[in-house]
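The values are calculated or read from the model by the stated rules, or taken from the named source; none is laboratory data. Note that the coordinates shown come from a computational prediction; the quantities given were computed from them, not determined experimentally. Reconstructed Cβ throughout: ideal geometry from the backbone, glycine too, with neighbour counts over all protein chains shown. SASA here: full protein model, heavy atoms, side chains in, ligands and nucleic acids out. Shrake-Rupley method; radii C 1.70, N 1.55, O 1.52, S 1.80 Å.
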Amino acid sequence: MLAALKRRGVEAYGFDPAQRELAALRGDGFARLDRAAWSGGEDGTVQGALEFLGIPYTGSGVTGSAIAMDKLRTKRLAGASGVPTPEFVVLRQSADLQLALSRLGLPMIVKPASQGSSVGMTRVERAADLDAAWRAATQLEPVAFAEPWITGGEYTVAILQGAALPSIRIETPRAFYDYEAKYFRSDTRYFLSLRSARRG
């Protein structure tokens, strides 16, 4: 990210909170910079720290980031607002696995509640594989859930200042657009829609 900004002529500086306290951003001239941008930290934590330090930043705010990173909270809010979302079963204990099978059927997807980049997700096609999928998800965090597998195209749409940017269709030969397909595969394909953005 830093190299890309510099190539575009942006006066940009690197800062690694693994090496220095985040509060150091208030000094060293960082507080007078126009914006902070970062990789990772999608759950609102970095955003909250930057707001506390009085440093403007790119991307979504604290509340939006914290809610959207929690898939269960997002689903519950969407449902309460009348936005359709697939049925789900929270998997707290092994007894919940049978409930998921009877309520959702197969295939299904098992997800940790608040991981990004499809980390810990497993597509389950056989009942015998559900326990392993649940255990893989809960190795990352204690809360996991299952949803029915939804067949269809995969699209991503970015929102910039209230306007939807052109949609991007994603295709991968893997079972789904998982971490491997996102970051390491050379056979993942992206198709940009040329339809103009609409303000929503």
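Computed quantities for the displayed model
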quantity	calculated
Rounded FRET efficiency, nearest 0.05, which uses the C-beta distance separating residue 174 from residue 72 and R0 of 41 Å	0.95
Percent carbon-and-sulfur accessible area, region 85-188, ignoring ligands, DNA and RNA, probe 1.4 Å	50
Whether region 81-156 is rounded, prolate or oblate, judged on the alpha carbon gyration tensor where a/c under 1.5 counts as rounded	rounded
Taking the chain and dividing mean pair separation by its residue count, relative contact order in percent (alpha carbons under 8 Å, at least six apart)	13
Share, in percent, of DSSP beta bridges within the chain that are antiparallel, nearest 5	95
Long-range amide H partners of residue 91 with built H, under 5 Å	144, 145, 146
Probe 1.4 Å - accessible area at residue 134, Å² to nearest ten	30
Kirkwood-type radius of the chain, with distances r between different C-alpha atoms, in Å	19.6
Zone of residue 90's modelled label, taken as backbone nitrogen in region 123-160 under 14 Å from a point 7 Å along Cα→Cβ	142-146
Cα Rg over Rh - region 37-143, Kirkwood	1.06
Theoretical ellipticity at 222 nm over the chain - DSSP helices of four or more residues, -39500 (n - 2.57) apiece, nearest 500	-7500 deg cm²/dmol
Solvent-accessible heavy-atom area per residue, rounded to whole Å², over the chain at 1.4 Å	65
Residue 51 versus residue 99: modelled label distance in nm, points set 7 Å from Cα along the beta carbon direction	3.4
For residue 63, solvent-accessible area (1.4 Å; no DNA, RNA or ligand), Å²	90
Candidate aspartates and glutamates - alpha carbon under 16 Å from residue 182, same-chain residues fewer than 8 apart omitted	154, 171
Positive dipole terminus of region 91-197, leading residue within 148, 194, 124 (C-beta point charges)	194
Set of lysines with alpha-carbon distance to residue 111 below 16 Å, sequence-local pairs under 8 removed	71, 75
